[in-house]
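The values are calculated or read from the model by the stated rules, or taken from the named source; none is laboratory data. Since this is a predicted model, take the numbers as computed values, not measurements. Note that each Cβ is placed from the backbone with ideal geometry, even for glycine, and that neighbours are counted across all protein chains shown. These accessible areas exclude ligands, DNA and RNA; they are computed on the full protein's heavy atoms, side chains included. Shrake-Rupley method; radii C 1.70, N 1.55, O 1.52, S 1.80 Å.
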Amino acid sequence: MAERRLAAAGVDTPRVDAEWLVAHLLGTTRSGLAGRLGDEVDGLEPLLVRREAREPLAYVLGEWGFRRLTLKTDARALVPRPETETLVERALAVAEEIERPRILDVGVGSGAIALALKDERPDARVTGIDVSADALALARENAERLGLDVELRQGDGAEAAAEGWDVVVANPPYVESLADVQPELRWEPAVALAGRGEHERLARAARARFVVFEVGDGQAQEVAEMLGRLGCGGVAITADLTGRGRVVEGRLP
Ligand SMILES: C[S@@+](CC[C@H](N)C(=O)[O-])C[C@H]1O[C@@H](n2cnc3c(N)ncnc32)[C@H](O)[C@@H]1O
């Protein structure tokens, strides 16, 4: 029933989403459901209605996995994406040889990147900055829940990037037009999605040894060339788990 309703609402992965919702209510995992998808489950109806309205699954569940962490997720900030886990991996790699690296996460959102970096590199001094007070409030809740000590502040990322860091990481807004996006994106803050030229603005402003950026599908080559033009060394593109180049890094001159 749940699967059919989500399919009718146009959800891409109706069975998986129905399993997530039911597992969440039963306090189990999807693999622990063992054929209980068809059961009557208390509390399912309001969650189904929200997902039928194409609210992102992570908002409906209220939490979402990212690297080793479970983050609180709601409409105050972007849902952490799997490709962003690749950015964390590259940031950890470039910072590997640096003692107590100072890392700035521009556009901290839910805190996903900053908190994962602190979790996996406890000696790092991690700062997250965002223009959105709502996003920062969520990031603070996540930091407290997880007991991870990161500095969180409000302001413009490019200004903060100029302060001097070992590594500046960013998953900036890079969707050029929100006109034809899938319905789920309309629930996410526009300030987190819509943007153009943010990678270059940040790369020009940054005073850092390394920058590591997430880019939109199809933008990697252009951003890599831009870093080359700015005189960066070691410019590299890393593909996400689906084989698309989504993370671009470089060593600033
Ligand atoms: C694509 S979201 C990334 C959120 C989070 N880092 C992640 O990967 O899930 C971009 C974030 O950048 C923030 N933002 C937009 N413009 C900004 C600016 N000029 N300075 C700092 N943050 C900015 C948005 O509020 C949003 O939280």
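Within the option set Asp134, Asp130, being within 12 Å of the ligand (Cβ to nearest atom), in contact with a Lys or Arg (Cβ under 6 Å, 6 or more places away or on another chain), among the acidic types (Asp, Glu) and within 29 Å of Thr70 (Cα to Cα) holds for one residue only, Asp134. All of (1) open to solvent by less than 50 Å² (accessible area, probe 1.4 Å); (2) within 14 Å of the ligand (Cβ to nearest atom); (3) free of Cβ contacts under 8 Å to residues at least 40 places away in the same chain; (4) under 17 Å from Gly157 (Cβ atoms) hold for Val181 with one exception: (4). Out of the residues in the range 198-216 that are in contact with a Phe, Trp or Tyr (Cβ under 9 Å, 6 or more places away or on another chain) and among the small types (Gly, Ala, Ser), which is nearest to the ligand (Cβ to nearest atom)? Filtering first and then ranking leaves Gly216.
Do we have Leu202 as of a type outside the set (S, T, N, Q), buried (at least 17 other Cβ atoms within 10 Å of the Cβ), farther than 26 Å from Ala224 by Cα and in contact with a strand residue (DSSP E or B) (Cβ under 8 Å, 6 or more places away or on another chain) here? Against the criterion (of a type outside the set (S, T, N, Q), buried (at least 17 other Cβ atoms within 10 Å of the Cβ), farther than 26 Å from Ala224 by Cα and in contact with a strand residue (DSSP E or B) (Cβ under 8 Å, 6 or more places away or on another chain)), Leu202 does not qualify.
Listed residues Arg229, Arg201, Arg196; which is basic (Lys, Arg) and free of Cβ contacts under 8 Å to residues at least 12 places away in the same chain? One residue alone meets the criteria, Arg229. Suppose we filter the range 54-88 for residues that are in contact with an Asp or Glu (Cβ under 9 Å, 6 or more places away or on another chain) and assigned to a helix (DSSP H, G or I); how many remain? The total comes to 11. Go through (1) more than 11 Å from the ligand (Cβ to nearest atom); (2) within 15 Å of the chain's Cα centre (by Cα) for Asp39 and report which single condition fails. Result: Asp39 fails condition (2) only.
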